[in-house]
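The values are calculated or read from the model by the stated rules, or taken from the named source; none is laboratory data. Predicted, not measured: the structure shown is a model, and the values here were computed from it. Counting neighbours? That spans all protein chains shown, and the Cβs are built from the backbone with ideal geometry, glycine included.
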Amino acid sequence: MKKSFWRNISLYTLLLVAVSVSCKKSDTDPRVSNSEINKWVLDSMRVYYYWNDELPSQPNFNQDPESFFASIISKHDRFSWIQPKEELIKNLNGIYKTSGIDFYLEQDRLNPNNVNGLVKYVVPGSPANNLKIKRGQKFIKINGTRITLSNYKTAITALFENNPFVLTLAKIHCLLIQYTTLQMEPKLVIYIILNS
């Protein structure tokens, strides 16, 4: 009886020590290196990029992400862009600041120099949802500037920055287009994934 009692006490003590040591604050550095970001970008592009067969087999991962991206995209690619490094680091750590709009861009059929944004998804409870933006709506201006082939890369960066921005929505009634301007302030969204 005494032997099993002391054995149980020893096991509980060992378990308590193990738990207290395992709950110690981590000393790992949460920052992400350029090389890690670039490897993640390349891995994603190998799966999703239209010209993935043109990606280099051994690119230089030690560049800043913007330069790395520019060095690996296809010469035929006019539409791909990369978020600034700070945004990529936040994304890799599960932190997103969003207005709540997921969109894609398309060339305007009537004026091929213009580019239109089309809303694919609106996050429930987001600033975009509160302004009644709906899936399928088209936007043509960001901060009062018409989106074109020559400026779309810089124009859409406003949608990913921390500052408020203004979208001009287009509503088509037969051949008549009605414009609505909405001002949005991005909202911080943090995604937490728990594994058991």
Residue by residue through the stretch 68-87, note down the ones that are surrounded by 14 or more Cβ atoms within 10 Å (Cβ to Cβ), among the polar types (S, T, N, Q) and at pLDDT 90 or above.
-> S74
Subset of the stretch 149-182 that is under 20 Å from I82 (Cβ atoms) and touching a helix residue (DSSP H, G or I) at 6+ places or on another chain (Cβ under 9 Å) - its residue that is modelled with the highest pLDDT = F165
Quick count over the stretch 101-127, residues being within 16 Å of the chain's Cα centre (by Cα), over 15 Å from I142 (Cβ atoms) and either exposed (fewer than 14 other Cβ atoms within 10 Å of the Cβ) or outside the structural domain of T148 (by TED's automatic domain parsing) (or both), is 3
